[in-house]
Structures are given as structure tokens and as C-alpha cells.
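What follows is a set of notes on a single structure, which appears directly below.
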Amino acid sequence: MAEEKNIGEEKMKSKELEYDDFRDQIRDGDILLYKGQTFISNLIKIFTKSEYSHAGIAAWWNKRLMVMEAIRKGVIVNPLRRSVHRYKGSVEWWTCKKEIDDSVRGKMIIFAQRQLGKDFGFWLLFWFGFMISFFYRDLDKRDAFRRERKLFCSLYVALIYNKAGIDLKRNMADRFTSPADIASSPELEYRGTLKERVLTELAETSEITHWNY
């Protein structure tokens, strides 16, 4: 029975969604979880013992859907379409199980915007990986509302949700939250894996551009 349940969960978590069909349903503060295939992504997955390597927050800027994320360049914002299309791996869409009021979502995005430009916490991420690998029982259990000067992806997401009063990883400090912890949070549900259907269009555009040269 347990094996059947695991198979069922895997099937549920392989639901593919055409980006253009579901774009307008994605709301401010929804979470994007990534399963990367690069060297760095694989290192993160090894440290966290999971299939997830990155996390970001969806945000509407006028009529453009963006993803706010902490990457090696720092805390930045990118068009979500570009992220879905170019990312070497898969991009999953997750939402909160309980309804979050639009005014609260707005405050989450304002807080997220205030973090833009902060440096990526490379050594903080390294320390995080070291601690969860060897000293998991000794990790800080409390969320401290401190002003982090440097951030990594899942810490960024956890801090944003704490602003809404939602603790994505209970009984553990935000700075010890991994992308896998976000995926396993009882507060969230998986909606699907976002896919682009513009490969043919891009190929045609590429040919036209080539001819124009």
C-alpha cells in the first residue's frame, strides 16, 4: 500500500501545465520550486538530500509576471516566462492551501522588493549545507526576525512568508530552510510543472533572424 501511495504521489507531481494557459492564475506570493540539472544544482540536491535545488516568488509588475529570487548575482527579478523557458531543469508552481488576502500578498511583495540588490549568501548557504549534513539536531529552532544582509533562495522565500504569518518550516529557523523543506511544507500544495509551448515559434523566429542578418 505504501508503494502504491508513493507511485500515486509521483504521478500527481508530474502534472504538466502549459504556461500560457495558467499564467493568469498565478498570484503574487505564489512559490516557484526548481529541479535543476547544473553542477551547482546537483550539489544543492546532494547537501539537502532532495530533488529540489532552487526557489523563488511570483510577482505581478503591471501586466508582467515576474519571479523574484536570490541567485549567485544577488536578489534579482526576472520575467517568469524566461525562467521557465531557459532554466536547465523543471519549474513547479506551488500555492498556499489557505487563502491569503490580497492586501497581505501586497505586503509580502513589498517586503520582497525591499530585499532586491542584496548579495547572495554563498557562505551562508555553504554553512547551511554543512550544518544540516552533520549537526541537524543542533540547529536553531526559532525564527528570528533579523535583517539578513545576505540571502539564499529558500531563506528569501521563508522570510517573505513569515511576513504573512505563515511558517513554512515549523520548529526550525528560516535560515535552515531548504527548497525541499518548502516543498514538504504542510502549508503548501503543488499545482503543476510549468512548460512552454513556444519551441516551434522560437525556432521559426531564430530562422527569420538569421535570414535578416
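Descriptive notes on the structure:
- Restricting attention to segment 7-47 and to residues that are outside any loop (DSSP other than H, G, I, E, B), basic (Lys, Arg) and surrounded by 13 or more Cβ atoms within 10 Å (Cβ to Cβ), the residue that is modelled with the lowest pLDDT turns out to be 45.
- Conditions (1) at pLDDT 95 or above; (2) surrounded by 14 or more Cβ atoms within 10 Å (Cβ to Cβ); (3) assigned to a helix (DSSP H, G or I); number of the one not met by residue 66: (3)
- Every listed requirement among (1) in contact with a helix residue (DSSP H, G or I) (Cβ under 7 Å, 6 or more places away or on another chain); (2) part of a strand (DSSP E or B) is met by residue 51 save one, (2).
- Beta carbons closer than 7 Å, at least 6 apart along the sequence or on distinct chains, pair a first residue in segment 98-119 that is outside any loop (DSSP other than H, G, I, E, B) with a second that is of a type in the set (Lys, Arg) for 105/27; 107/163; 108/163; 111/163; 119/150.
- Matching residues, segment 165-198, being in contact (Cβ under 8 Å) with a residue 60 or more places away in the chain and hydrophobic (A, V, I, L, M, F, W, C): 166, 180, 182, 183, 188, 194, 198
- The residues of segment 86-97 include none that are in a helix (DSSP H, G or I) and touching a helix residue (DSSP H, G or I) at 6+ places or on another chain (Cβ under 8 Å).
The values are calculated or read from the model by the stated rules, or taken from the named source; none is laboratory data. Remember, predicted model here, so these are calculated numbers, not experimental data. Don't worry about glycine lacking a Cβ; one is built from the backbone with ideal geometry, like all the others, and counts go over all protein chains shown.
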